[in-house]
Amino acid sequence: MIAILAALVFAMSLCADCLAVSICSSVTLKKLEWKPVIAISLVFGVVQSGLLLLGYGFGDFFVGYVEKIAHIIGFLLLLYVGASMLKEGFAKDAEAHDLNGLGHIIIAAIATSIDALAVGISLSMGGDTLDDLLFKALAVFFVTMLSVVIGIYFGKKLGERIGHTAEILGGIVLILMGINILL
């Protein structure tokens, strides 16, 4: 029971930024249907847990490189998504696209999952067994999917209430998240 609780807390801590990005990005969605929401959450879950596993697999090999550039990559990806939202928020009659295109979904998923790569490396170096890692990765996958679904629905409702202002605020929040990564 304690192992399950620990894995869930671990997963929640890794996917907090996925929740924030899904809230901020979904304020622009015009339609909300189950199939795309599940697909978006699946991409986030696969990328988040996949980068955790990849980090574990590379362990010592990548540690020097990832630690040096992970924050820059995360910043640039969040800056791109946030700037796109700001541009769309200030444009008249602009079509929202931040979670409507596969490219934007993948960029957002990677931006929020760079830390999972670094955490995977640290778990490998810390001596976690493969069984421990697989259990954690499974928890990360499902908790990330759930947080993204919740974030999308919350963000959509927020977007309906405050319109383009929500898109502008979402873009600013994503850029600030990126700046925070650099600090």
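Cβ-Cβ below 7 Å, separation at least six or inter-chain, first residue in segment 1-16 and part of a helix (DSSP H, G or I), second of a type in the set (Asp, Glu): which pairs?
Leu14/Asp115
Name the residues in segment 137-165 that are of a type in the set (Ser, Thr, Tyr) and buried (at least 22 other Cβ atoms within 10 Å of the Cβ), would you?
Pass one, segment 137-165, residues of a type in the set (Ser, Thr, Tyr): 144, 147, 153, 165.
Across segment 137-165, the qualifying residues are Thr144, Ser147.
What do you reckon, is Leu51 at pLDDT below 70 and hydrophobic (A, V, I, L, M, F, W, C)? Don't jump to the end; show me each part of the working.
Details: at pLDDT below 70: no; hydrophobic (A, V, I, L, M, F, W, C): yes.
Criteria not met by Leu51.
What residue, among those in segment 23-42 that are modelled with pLDDT under 85 and part of a helix (DSSP H, G or I), is surrounded by the most Cβ atoms within 10 Å (Cβ to Cβ)?
My answer is Ser25.
Given Leu117, Leu134, which one is of a type in the set (A, V, I, L, M) and surrounded by fewer than 18 Cβ atoms within 10 Å (Cβ to Cβ)? So that I can check it myself, show each step before the final result.
Numbers: Leu117 fails: surrounded by fewer than 18 Cβ atoms within 10 Å (Cβ to Cβ).
The match here is Leu134.
Restricting attention to segment 43-56, report how many residues are of a type in the set (A, V, I, L, M) and either within 15 Å of His104 (Cβ to Cβ) or open to solvent by less than 10 Å² (accessible area, probe 1.4 Å) (or both).
Step one: list which residues in segment 43-56 are of a type in the set (A, V, I, L, M), which gives 43, 46-47, 51-54.
Restricting the remaining residues to those that are either within 15 Å of His104 (Cβ to Cβ) or open to solvent by less than 10 Å² (accessible area, probe 1.4 Å) (or both) gives 43, 47, 52.
Selection size over segment 43-56: 3.
The values are calculated or read from the model by the stated rules, or taken from the named source; none is laboratory data. Computed from a predicted model, the values in this text were never measured in an experiment. For neighbour counting, all protein chains shown are included, and Cβ atoms are generated from backbone atoms with ideal geometry for every residue, glycine included. These area figures cover heavy atoms from the full protein model, side chains too; ligands, DNA and RNA do not enter into them. Shrake-Rupley method; radii C 1.70, N 1.55, O 1.52, S 1.80 Å.
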